[in-house]
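Inspection log for the structure reproduced underneath, given as structure tokens.
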Amino acid sequence: MVHLVGSLRKELADSLSTCSVLVVGAGGIGCELLKNLVLTGFKNIEVIDLDTIDVSNLNRQFLFQKKHVGKSKAQVAKESALQFCPSANITAYHDSIMNPDYNVEYFRKFILVMNALDNRAARNHVNRMCLAADIPLIESGTAGYLGQVTVIKKGMTECYECQPKPTQKTFPGCTIRNTPSEPIHCIVWAKYLFNQLFGEEDADQEVSPDTADPELAWNPEDTAARATASEKDGDIKRISTKEWARSTGYDPVKLFNKLFKDDIMYLLTMDKLWKKRKAPTPLDWQHLENSACPQEDSPVSGLKDQQVLGLWGYCQLFQHSVETLRSQIQEKGESAELVWDKDDPPAMDFVTAAANLRMHIFSMNMKSRFDVKSMAGNIIPAIATTNAVIAGLIVLEGLKILSGEIESCRSIFLNKCPNLRKKLLVPCILDPPSANCYVCASKPEVTVKLNVHKTVVLTLQDRILKERFGMVAPDVQIEDGKGTILISSEEGETEANNNKFLSDFGIRNGSRLQVDDFLQDYTLLVNVLHTEELERDVEFEVVGEAPDKAPPPQSKPEEVNSITNGNKDSSQPSTSSKVQAEDDDIMIVESDEEEGASSSSAPATSATKRKHPNTGGDETSVKRPRTEQTSTADDDDDIIALD
């Protein structure tokens, strides 16, 4: 006779009360997940999140209240979850999971890791740490009404990085407001600005500098005081961006100097943001007007929409578009609101001008109106119910793992509309590891096409190894028979190399670089393919994949056991729809891929250095959905493509 404790077998209930689990992220999914874990019977939980609570979180992150604004998400989530189960042992960290303190040994403390993250860099990092520690990982994400949960286990399943991902289209608010690094960040900011000035104001679309940026100094006393202060106005008259703009009569010059001079100068006072980034450069209307070149007004050959204007050209476009939009508002009446439409010329001119001015401030290559329009898509908001469903599925997959039934785990997709079999939840069999994965293959290896005479060491380090391949602190050794060290993770050791070209170190077509990231316990062999035929503004290409394009999803039949709980005997077969959900925050869709910011300058050095042992067989990944199909051809109508 099966012994039950509540709805669980006694053995499983005992396991929950003694095992340790890690939750990474305490936002939309994380709040729901933490509540589910303590109510299910998990007793030893560690939760980590670098973010602080914002007013815009309160509509869906139900563990937080207005009095918590400005405080640590992880700490408040812990305190709120303990009210559901005071006997639980929850440890909260207001920190980044990418901090070197959370090394492989730290991850080995847990029987299971659950991701509730909102950015790809952190997802990649946790994926690698779980592979190195050989700990099961449950990955998840939501986008509007769509959601996904999948299980990653070394040697058994694909890892999160087995399949190339499209360019990330969701971004933390502090990135948009404080530290944009790609043109799409500036375009999203410009769209938010349009709504703040002319459309329906939204607390989630603030454009002013974010003083609660997690990268800034965090002091519990300061944030507690700020949360208290937010309850009262004191002697300060708080007005919205729209109210301020109206008070100026929508004066284009005053708007320009506020947005592109005063706000940027305020950002520069947040000196911690600029220790490892290039600081932004404020713009002043009067100075630009006095130094404008007549040539900027001369016609350029080619289609007008595909021309990239000069700096003063975008200043004039900003002025003209503000004046046009101001006239539209006045015609409609004092309380009128405009709706942004990429096919509305004045609205598109405004976003093009504002985005390009911000790109220039943050040292990025400016874009044509055509490029900006192609990247400016729709925004899908976060939905509280979707987060709740996905958090529940995470726990159910976790119960399977703790029951020793990992082979019955599934990737589960939540669709917006029922399919032909009236199913919203669609389970898919987990794919095996990809033999070509540059993370979990037994000997990870990639080929990178670049120009060795134009690529500097800093570009290799920041743009290729850190940004493209997700490393945190890479060490690079040239396989030249001498063990030349090109990049060292030890501060200052190879800094003199940063602005030297790769060719200065004898790197040429066919050279091989051994790259080690000791924090991630990860080694990658990089084959260099020299070329002088890269497209304009393209610094490098990874051979074997179209830049920033994910492969098309593949449909395969499957037998499905269960998606309802951790027991095999509760099977719910269903028909699959393809979904790839990325983040539990806003999502930008219908965007073309864009090149990143302007290339950094970089250098290199030589020396001999320790070698990192290759750990071999790291294998696991996030699911490229496979559909269970009946013989009905119409099932394709149910497919929802996301990302």
What is the mean projected area of the alpha carbon convex hull for the range 47-187, to one decimal in square nanometres? 10.2 nm²
Any of 278/304; 153/400; 165/423; 276/449 with alpha carbons more than 22 Å apart? Name them for me. 278/304; 165/423; 276/449
Report the gain in length on full extension from residue 290 to residue 417: 0.36 nm times residue separation, minus Cα-Cα distance, nm rounded to one decimal. 40.0 nm
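Give me the number: length gained by fully extending residue 447 to residue 363, i.e. 0.36 nm times residue separation minus the C-alpha to C-alpha distance, one decimal in nm.
Details: separation 84, 0.36 × 84 = 30.24 nm, distance 2.86 nm.
That pair, residue 447 and residue 363, stretches by 27.4 nm at full extension.
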³J(HN,Hα) across the range 343-351 via Karplus (A = 6.51, B = -1.76, C = 1.60, θ = phi - 60°), whole Hz, x for Gly/Pro? 9, 9, x, x, 5, 5, 4, 4, 5
Taking R0 as 60 Å and r as the Cβ-Cβ distance between residue 279 and residue 19, the FRET efficiency 1/(1 + (r/R0)^6), rounded to the nearest 0.05, comes to 0.85
Nearest-0.05 FRET efficiency for residue 535 and residue 200 at R0 = 60 Å, using Cβ-Cβ distance, is 0.95
With a 1.4 Å probe and all protein chains left in place, how much of the accessible area of the range 478-545 comes from carbon and sulfur atoms, in whole percent? 40 percent
Could you tell me the accessible area of residue 344 in Å² (1.4 Å probe, neighbours in place), rounded to the nearest ten? 40 Å²
If you stretched the chain out fully between residue 436 and residue 480, how much longer would it get, using 0.36 nm times the residue separation minus the C-alpha to C-alpha distance? 13.3 nm
Label-point separation, residue 103 to residue 454 (7 Å along Cα→Cβ), nm: 4.1 nm
Return the long-range amide H neighbours of residue 292 (sequence gap of 5 or more, or a different chain), with a cut-off of under 5 Å between placed amide H atoms. none
Excluding ligands and nucleic acids, what accessible area in Å² is computed for residue 95 using a 1.4 Å probe, to the nearest 10? 40 Å²
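The values are calculated or read from the model by the stated rules, or taken from the named source; none is laboratory data. As the structure is a prediction and not an experimental result, all values here were calculated from the model. Cβ atoms come from the backbone with ideal geometry, glycine included; neighbour counts cover every protein chain shown. These accessible areas exclude ligands, DNA and RNA; they are computed on the full protein's heavy atoms, side chains included. Shrake-Rupley method; radii C 1.70, N 1.55, O 1.52, S 1.80 Å.
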